[in-house]
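Undergrad: There's a structure below that I have some questions on.
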Amino acid sequence: MDNSCFVFLFCEESRILGVAASSDDSFSFFGKVKKKYFFTIAYDLMRILFFDISLLFKLMNQGKYPMFPKSELMMLYVENSKRSKGIGKKLIEAANSEYKYRGVNIFKITILSDNLSGRKFYEKSGFLFKGDFFYMQEKRSIYYLTT
C-alpha cells in the first residue's frame, strides 16, 4: 500500500512459522485502508449488522484507541508448536531495528488484557506496560518499547 508499513516473516524449510507486521503510522494506514475499501467494508458491515444488531452497539461504544505513539507493532504471531524457541524475540528485534532505521523512537503494541502469556512475553522483551483501556468492549493493555 505504501512504505509506512513493513512485515517480517520467520521461515524454516519454506514454512512460515512467525509474522510481525508494523506501521510507522497505524492511523494513517487504517485510514488508507478504509478509504480504498470503503464500499467493501460498508457492505460487509451492513450485511453483518443486519443479522446481529448487537454489533452496532459494540461499534457505537467502541471506546477510544490510543493515539500515541503513532508507530505500532500491529501483529505478532508465532505458530503454537514453535513458541518459546526465540522466534518472537527475533521478530521483535527485526521490527525494532527497522524502526530505528526509520528514525522512530518509540512504538506500541496492544493486546487483550487477559492474555497473560502475551503480557509476560512483551515485558520480558523489554516493553513497558503503560495501562489498560477499553476498545470494542474488550479490555486491552498497551505496551511501549523505546528503540
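Undergrad: Report yes if Lys82 is of a type in the set (Lys, Arg), at pLDDT below 95, surrounded by 15 or more Cβ atoms within 10 Å (Cβ to Cβ) and within 13 Å of Leu145 (Cα to Cα), otherwise no.
TA: no
Undergrad: I need every pair where a residue in segment 124-147 that is closer than 29 Å to Gly86 by Cβ has its Cβ under 7 Å from the Cβ of a residue that is exposed (fewer than 12 other Cβ atoms within 10 Å of the Cβ) and among the small types (Gly, Ala, Ser), sequence separation at least 6 or different chains.
TA: Ile142/Gly131
Undergrad: What residue, among those in segment 85-124 that are of a type in the set (Ser, Thr, Tyr) and either outside any helix (DSSP H, G or I) or touching an Asp or Glu at 6+ places or on another chain (Cβ under 9 Å) (or both), is farthest from Lys139 (Cα to Cα)?
TA: Pass one, segment 85-124, residues of a type in the set (Ser, Thr, Tyr): 97, 99, 101, 110, 113, 117, 122.
Still in the running and either outside any helix (DSSP H, G or I) or touching an Asp or Glu at 6+ places or on another chain (Cβ under 9 Å) (or both): 99, 110, 113.
On the way: Tyr99: 27, Thr110: 10, Ser113: 6 Å.
By that ranking, first place goes to Tyr99.
Undergrad: Same structure, new question: Could you tell me whether any residue of segment 96-108 is charged (D, E, K, R), modelled with pLDDT under 90 and surrounded by fewer than 14 Cβ atoms within 10 Å (Cβ to Cβ)?
TA: Here is the first cut: in segment 96-108, the residues charged (D, E, K, R) are 98, 100, 102, 108.
When the remaining residues are screened for being modelled with pLDDT under 90, the result is none.
No; the residues of segment 96-108 include none that is charged (D, E, K, R), modelled with pLDDT under 90 and surrounded by fewer than 14 Cβ atoms within 10 Å (Cβ to Cβ).
Undergrad: Quick check on Arg102: is it farther than 17 Å from Ala21 by Cα and not aromatic (Phe, Trp, Tyr)? Show your work before the answer.
TA: Values: farther than 17 Å from Ala21 by Cα: no; not aromatic (Phe, Trp, Tyr): yes.
Against the criterion (farther than 17 Å from Ala21 by Cα and not aromatic (Phe, Trp, Tyr)), Arg102 does not qualify.
Undergrad: Continuing with the same structure: Looking for whichever is exposed (fewer than 15 other Cβ atoms within 10 Å of the Cβ) and either among the β-branched types (Val, Ile, Thr) or touching a residue at least 12 places away in the same chain (Cβ under 8 Å) (or both) here; the options are Met74, Met67. Which one fits?
TA: Working: Met74 fails: exposed (fewer than 15 other Cβ atoms within 10 Å of the Cβ).
Testing whether each residue is exposed (fewer than 15 other Cβ atoms within 10 Å of the Cβ) and either among the β-branched types (Val, Ile, Thr) or touching a residue at least 12 places away in the same chain (Cβ under 8 Å) (or both) leaves just Met67.
Undergrad: Tell me which of these Lys32 doesn't satisfy, since it passes every other one: (1) modelled with pLDDT of 90 or more; (2) of a type in the set (Lys, Arg); (3) in a helix (DSSP H, G or I).
TA: (1)
The values are calculated or read from the model by the stated rules, or taken from the named source; none is laboratory data. What you are looking at is a predicted structure, and each value in this text was computed from that prediction instead of being measured. Note that each Cβ is placed from the backbone with ideal geometry, even for glycine, and that neighbours are counted across all protein chains shown.
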